[in-house]
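Notes follow the structure.
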Amino acid sequence: MPVATVPDVLSPLLCQRLAHSWPPEHHAGVFRELGFLLETVRNLPPVTLTPPPVAPNNPWAMAQVYQRLVLPKHGSPFGPFTSDEDRAVRAVHYLYEVQVAPPLEDTAMAVPRRPQSAIHARVLNEVRREFSLLPFPKPDEGWERAVHDVAARLMEKSIRMGVQPTEVVVVGAREMPPKPGRHMGGVSLHLAGWNGAAPPPEHTAETANPNVWDPNNPLGNEPNLLRAPLQLDWIGIRSLPAR
């Protein structure tokens, strides 16, 4: 795959190091998927708490990518990283930490702060579940790219707000019809997120569904998800096939 066609988060040097580590038939897929993941976390601080994953027997995909970038094979280019390349490598380390983060437990308990990568992993799983419940046909490529994009956008917004979301719910979803000559359709979502230790307030009589809200049974009332601290509108459009 020509270097000029890969995302700009992967420099020529990084691409060449990766190219020396995989057979040529894998280059296009590796550059495309890694470039996409790095693009999703471009605006997230790559905060890590674990040592760099350089153990040669580490089986995780992001650990192997990290090693191919920082431990170049014979014949691949050497030389110091630029600041952008260094950040991309640190982002791979961050994605590795997200990949191996253990599940959060007791999310309803208040804790001072959890690792950013653990929250990101939790948000990914929450969003993945919500996409699996959508009443729309799954695209041929599945929802996984959309899951990573939405999770990263939620993380970006939550970091700015100082919120660590452990719960994510799709509040509203709409299927968008295709537009001939422009796109193949898509989905429009509104999501809410919050920390399990601080759930959204309950509906009031004015805002509740009258078939659900019960003034005599407050424990059975639904939370008002539109008052959750984290709100995100997201639109996913399926592009027309390349000609």
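The values are calculated or read from the model by the stated rules, or taken from the named source; none is laboratory data. For clarity, every value in this text was computed on a predicted model and none was experimentally measured. As a convention, Cβ positions derive from the backbone with ideal geometry for all residues, glycine included, and neighbour counts pool all protein chains shown. For accessibility, only protein heavy atoms count, side chains too; no ligands or nucleic acids. Shrake-Rupley method; radii C 1.70, N 1.55, O 1.52, S 1.80 Å.
Structure notes:
- Residue among Val98, Val150, Val123 that alone is touching a Phe, Trp or Tyr at 6+ places or on another chain (Cβ under 6 Å) and modelled with pLDDT of 95 or more: Val150
- Residue in region 78-89 that is modelled with pLDDT under 85 and either surrounded by fewer than 16 Cβ atoms within 10 Å (Cβ to Cβ) or farther than 18 Å from Val30 by Cβ (or both) present: yes
- Residue tally, condition part of a loop (DSSP other than H, G, I, E, B), open to solvent by 40 Å² or more (accessible area, probe 1.4 Å) and under 27 Å from Arg153 (Cα atoms), over region 18-65: 10
- Taken over region 90-123, the criterion of being closer than 23 Å to Ala192 by Cβ, of a type outside the set (A, V, I, L, M) and open to solvent by less than 20 Å² (accessible area, probe 1.4 Å) is satisfied by Ser117, His120.
- Within region 20-48, considering residues that are at pLDDT 95 or above and hydroxyl-bearing (Ser, Thr, Tyr), the one farthest from Glu141 (Cα to Cα): Thr48
- Failed criterion for Phe81 (all others in (1) in contact with a helix residue (DSSP H, G or I) (Cβ under 7 Å, 6 or more places away or on another chain); (2) free of Cβ contacts under 8 Å to residues at least 40 places away in the same chain; (3) not β-branched (Val, Ile, Thr) hold): (2)
- Residue match in region 91-98 (condition: among the small types (Gly, Ala, Ser) and over 25 Å from Phe31 (Cβ atoms)): no
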